[in-house]
Amino acid sequence: MTRSNKALLLFSGGQDSATCLAWALDQFDHVETIGFHYGQRHDVEMSCRETIRRTIPDLKPEWAGKLGQDHVLDLSVLGQMSETALTRDVEIEMNEDGLPNTFVPGRNLVFLTFAGALAYRRGITALIGGMCEADFSGYPDCHKDTLDAQMNALSLGLAKPMTLETPLMFLSKAAAWELCGELGGEALVEVVNRETHSCYKGDHETLNDWGYGCGTCPACELRAAGWRGYEAGQKGSSGK
């Protein structure tokens with residue numbers, strides 16, 4: 001059921017946020033998007049955003065006219081203070097603390113703070129994010145408890161109840177592809193597969209059956225495994 005209000009989507013240009021865009025258009029009357037340049041080595045994801053914004057609303061008549069303004073903020077200082085494989089051209093590996101060195105400390109907390117401030121100015125109280133703690137790289141700022149605490153702080157600091165919708169929070173990557181199909185059918189799956197970017201190394205030239213990417217970084221491995229699971233499920237449901 002469509003809600004009679006507005007939402008601001010944290011929109012990176014990746015698989016998860018593109019799926020969340022379709023979900024948001026199903027759920028809200030008016031959806032705005034926000035993206036961040038933060039020195040990410042896969043900044044090519046930002047160039048994918050406009051194609052996705054232009055394409056997805058045309059897939060279903062009920063989505064037409066719901067997508068509002070796009071906002072892009074420069075948070076390059078986050079990359080300047082983060083010596084990570086996501087903001088530096090270094091080999092991707094695991095740190096001694098068990099986290100991959102692609103973890104940018106505080107990234108989602110900073111994103112939510114700026115998104116919350118923008119939403120406040122725009123008269124929006126609902127944020128949407130593609131964070132997931134079921135099938136992810138282990139980043140602590142993707143956990144629901146962390147995000148709930150941050151949203152509580154935002155609500156208190158802005159003196160206005162702010163909410164965060166995370167439709168992918170407890171879904172595997174395969175289930176996220178399934179949700180994509182449920183929302184917009186094969187047409188949406190095709191758009192998300194071919195037009196989004198997930199690869200941490202910024203490879204948007206190598207086309208695989210699951211989309212563009214190097215195929216070896218953690219983001220590509222998660223996306224590829226999810227696609228395999230989704231394909232297997234589709235074949236099973238069709239009796240092939």
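Every number here is computed from the coordinates shown, using simple stated rules; none is lab data. Owing to the predicted nature of the structure, the values given are computational and were not obtained by experimental measurement. All Cβ positions, even for glycine, are placed from backbone atoms using ideal geometry, and neighbour counts span all protein chains on display.
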Taking the dipole of the chain about the Cα centre (Lys, Arg +1; Asp, Glu -1; charges at Cβ), the one of 211, 63, 10 that reaches farthest to the positive side is 63
Enumerate the calculated ³J(HN,Hα) couplings along region 129-141 in order (Karplus 6.51 cos²θ - 1.76 cosθ + 1.60, θ = phi - 60°), each rounded to whole Hz, writing x wherever the residue is Gly or Pro. x, x, 4, 8, 10, 9, 8, 8, 8, x, 5, x, 8
Let's test this: bin the Cα-Cα distances of region 3-238 at 10 Å from zero up to the farthest pair and state each bin's percent. 8, 33, 39, 18, 2, 0
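As a footprinting exposure proxy, order 77, 189 by other Cβ within 10 Å, with the fewest listed first.
Exposure proxy ranking, most exposed first: 77, 189.
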Listing 36, 170 by rising number of other beta-carbon atoms within 10 angstrom, fewest first, gives 170, 36
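For residue 206 and residue 237, compute 0.36 nm times the residue count separating them, minus their Cα-Cα distance, and round to one decimal in nm.
Once the chain is fully extended between residue 206 and residue 237, it gains 8.2 nm.
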Full-extension gain between residue 37 and residue 187, please, as 0.36 nm times their residue separation minus the C-alpha to C-alpha distance. 51.1 nm
Burial-style ranking of 101-109, 123-131, average other-beta-carbon count within 10 Å with highest first, yields 123-131, 101-109
Can you give the FRET efficiency for residue 225 and residue 159, using 1/(1 + (r/R0)^6), R0 = 30 Å, r = Cβ-Cβ distance, to the nearest 0.05? 0.10
With +1 on the Cβ of every Lys and Arg and -1 on the Cβ of every Asp and Glu, the dipole magnitude of the chain about its Cα centre, in debye rounded to the nearest 20, is 680 debye
Using a simple charge model, +1 on the beta-carbon of Lys and Arg, -1 on the beta-carbon of Asp and Glu, nothing else, what dipole does region 70-114 show about its Cα centre, in debye to the nearest 20? 180 debye
What's the extension gain from residue 93 to residue 62 if we count 0.36 nm per residue and subtract their Cα-Cα distance? 6.8 nm
Show me the three semi-axes of the equivalent ellipsoid for region 135-240, from the C-alpha gyration tensor (sqrt of 5 times each eigenvalue), largest first, rounded to whole Å. 30, 18, 13
What are the membrane-span-like helices in the chain by this rule: whole DSSP H runs, Cα extent along the axis at least 27 Å, mean Kyte-Doolittle hydropathy at least -1.0? 218-238
Points 7 angstrom from Cα along the Cβ direction at residue 54 and residue 113: gap in nanometres? 3.5 nm
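Considering only the other residues whose Cβ falls under 10 Å of the Cβ of residue 84, what net charge follows from Lys and Arg at +1 and Asp and Glu at -1?
+2
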